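S.K.: Below you'll find the structure I mean.
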Amino acid sequence: MDEHKIPSADEVMGKKHPLAKFRAGSISATIWENIGKNDKGETVSYRTVSFGRGYKDANGNWQTTTSLRLQDLPKASLVLSKAYEYLVLDEDDQKDEQTTLVQS
């Protein structure tokens with residue numbers, strides 16, 4: 001994080017926003033940026049993908065499940081492929097930027 005940047009209200013309150021979200025009907029895949037520690041105790045950044053299917057319950061309230069029906073499988077495949085594509089292409093872009101910085 002930039003030392004001179006004023007944090008947003010969400011950053012102060014600890015709310016995270018997804019990096020990207022892919023949706024096909026009620027099926028979605030969301031990409032999150034996470035911070036953790038590696039085996040050496042160093043702070044590292046890594047990304048995860050959450051996956052779900054939205055539906056309305058008997059009371060009309062929206063719920064999320066990771067269980068899929070047969071007709072959900074093609075859409076699930078699509079959103080997961082898009083999430084994978086996003087992560088791989090973004091990783092390639094980051095490598096290109098690092099290479100450019102090293103060569104400069």
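S.K.: Please state which one of Gly25, Gly14, Gly41 is out of contact with any Ser or Thr (no Cβ under 7 Å at 6 or more places or on another chain), at positive phi and modelled with pLDDT under 90.
M.R.: Of the residues listed, the single one that is out of contact with any Ser or Thr (no Cβ under 7 Å at 6 or more places or on another chain), at positive phi and modelled with pLDDT under 90 is Gly14.
S.K.: Name the pairs whose Cβ atoms lie under 6 Å apart, with the first residue in segment 7-29 and assigned to a strand (DSSP E or B), the second at pLDDT 60 or above and acidic (Asp, Glu), and 6 or more positions between them or separate chains?
M.R.: Ile27/Asp72
S.K.: May I pose another question? Somewhere in segment 56-64, is a residue touching a Gly at 6+ places or on another chain (Cβ under 7 Å), surrounded by 10 or more Cβ atoms within 10 Å (Cβ to Cβ) and either modelled with pLDDT under 95 or among the hydrophobic types (A, V, I, L, M, F, W, C) (or both)?
M.R.: The answer is no; no qualifying residue exists.
The values are calculated or read from the model by the stated rules, or taken from the named source; none is laboratory data. This is a predicted model, so every value here is computed, not measured. In this analysis, Cβ positions are derived from the backbone assuming ideal geometry, glycine residues included, and neighbour counts consider all displayed protein chains.
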